[in-house]
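Accompanying notes for the structure given below.
The values are calculated or read from the model by the stated rules, or taken from the named source; none is laboratory data. Quick caveat: nothing in here was measured; it's all calculated off a predicted structure. Every residue, glycine as well, gets a Cβ built from its backbone with ideal geometry; the counts of neighbours run over all protein chains shown.
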Amino acid sequence: MTLIVGSQFGDEGKGKFVDLLAEKNDLVVRFQGGNNAGHTVVVKDKKYKFHLIPSGAIRGKQILIGAGVVIDPKVLLEEISTLKKEGITPKLTVDPRAHIIMPYHKLMDVGKEEALKEGMIGTTRRGIGPCYATKALRHGIRFIDLVHEEKLRELISINYAFFAPMLEKCFGKKLDSSEEELFQEFASLGRELKQYLGDVAVEANNALNEKKNVLLEGAQGALLDIDFGTYPFVTSSHPIAGSACTGIGLSPKKINKILGVVKAYTTRVGAGPFPTEIKDEKADHLRGKGKEYGTTTGRPRRIGWLDFPLLRYVNRISGFDELIITKLDVLSGLEEIFVADSYSFEGKKLNEFPAIIDQLTKVKPNYTKLKGFVLEEKEKNELKKNGFKALPSEAKDYLEFIESRLNVPVKYVSYGSERSETIVK
Ligand code: IMP
Ligand code: MG
């Protein structure tokens, strides 16, 4: 069983690799997050964007959504319908324990963001945080509740009484639907989605017992983890490796390989500290070349250099066996490439990624300068023919530098969005 997780702030290019590796896997399972994620998969000249459905879907694999995911039922139905239009009938199972994002969650997400103004987190406004919060409050609506009308009615009543006055008093927001309308709407969604209900923990464990190959698909990135990320500028789930076990219902002993996806530079969408952020025109250049705009919200992503204090911290938490380096081609044409080897804080060298956000906002990266390389059409064609050995020597040096700093081998390198634009080492 292989696990893929993002090692930065999300958008590392996990979607492409889940799709690639799905070929040799029987099941693809998501375990955290919701439709705040945006996974882009490019097949020939077609671009698929998924927010909720595992990216293994277009290979026609069995796809599972585990208990740790939060589900917007309408988004789920839309994605199922998009797949069907492509001639793919998804073999989908959704765990009964997964929590449902309700309209009051979305309204609260928007209300909170608006109220915070300058202190805004910059969420995707999909209701993710309020949904996980309701789960922790223990009056959330789970997937199973959508198909039990009595229970659904009772829970909607509890939540309506809880959220409606809060939305109105705190944020001046009013729900579009009455309690009864909400019930009717979600009971109807439940009837449509009932066919996908199944115990994902049982299915995943059974598949392993039958020696099937299982791929676990992380969403977001480690620095958005609610505990280990740059709190409060984080998402509400756990994008770190350990979360795959709790989000599906698997023993940690079952995971054989953990792949960390590292983009060749760093991006962040939304607010929060970003030590290696580039503030000059190089950021615009890389944003343009890397098409760094949010898949879910279309927002321009902030751009920065590769950050080793950050990556060492994440590697310590998630324990990567191999690295996937993505978007190497985006760095093409730069004369020199900077990487942060360590930080300085108040004049002293800092070896550890600080746990305290106030420190993190004040650190100064100590940069090492590496030579740039060219990776354009001509070089890409060489790479397609001859693989790794055709890589410009400075690009090889860059990869070796990453390996040496993290002490983890690079297994895959992506130099374009197409499946074929991939080096397997
Ligand atoms: P939320 O997950 O919508 O609550 O947003 C919280 C923070 O996580 C914001 O900074 C978002 O931009 C960020 N975020 C959430 N999902 C993703 C993702 O899939 N990629 C990148 N950033 C994300
Ligand atoms: Mg994304």
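List of remarks:
- Looking at Ile402, Ile325, just one residue is under 28 Å from Val42 (Cβ atoms) and in contact with a strand residue (DSSP E or B) (Cβ under 6 Å, 6 or more places away or on another chain), and that residue is Ile325.
- When residues in segment 326-343 are screened for being part of a strand (DSSP E or B) and over 22 Å from Phe233 (Cβ atoms), 7 of them pass.
- Unique match (being of a type in the set (Asp, Glu) and in a loop (DSSP other than H, G, I, E, B)) among Glu403, Glu352: Glu352
- So Lys282, is it in contact (Cβ under 8 Å) with a residue 40 or more places away in the chain and more than 17 Å from the chain's Cα centre (by Cα): yes
- Checked across segment 28-51, the condition of being of a type in the set (S, T, N, Q), assigned to a strand (DSSP E or B) and modelled with pLDDT of 95 or more holds for no residue.
- When Gly33, Gly15 are screened for being touching a residue at least 24 places away in the same chain (Cβ under 8 Å) and either under 29 Å from Gln184 (Cβ atoms) or more than 16 Å from ligand 1 (Cβ to nearest atom) (or both), only Gly33 passes.
- Options Leu83, Leu76; residue that is more than 19 Å from the chain's Cα centre (by Cα), hydrophobic (A, V, I, L, M, F, W, C), closer than 29 Å to Leu27 by Cα and crowded, with 19+ Cβ neighbours inside 10 Å: Leu83
- Filter result (of a type outside the set (Phe, Trp, Tyr), over 17 Å from the mean Cα position of the chain (by Cα) and within 27 Å of Lys49 (Cα to Cα)) within segment 304-332: Gly304, Leu306, Glu322, Leu328, Asp329, Val330, Leu331, Ser332
- Which numbered condition Phe171 misses (of (1) of a type in the set (Phe, Trp, Tyr); (2) buried (at least 17 other Cβ atoms within 10 Å of the Cβ); (3) over 21 Å from the mean Cα position of the chain (by Cα)): (2)
- Taking the numbered list (1) over 22 Å from Lys291 (Cβ atoms); (2) charged (D, E, K, R); (3) assigned to a helix (DSSP H, G or I) in turn, Lys24 passes all entries but (3).
- Matching entry among Ile53, Ile58, Ile4 (being free of Cβ contacts under 8 Å to residues at least 60 places away in the same chain, surrounded by 24 or more Cβ atoms within 10 Å (Cβ to Cβ) and among the β-branched types (Val, Ile, Thr)): Ile53
- Residue in segment 270-295 that is modelled with the lowest pLDDT, counting only those that are farther than 29 Å from Ile356 by Cα and assigned to a loop (DSSP other than H, G, I, E, B): Thr295
- Residues that are outside any loop (DSSP other than H, G, I, E, B) and near ligand 1 (Cβ under 10 Å from one of its atoms), drawn from segment 223-269: Leu223, Leu224, Thr267, Arg268
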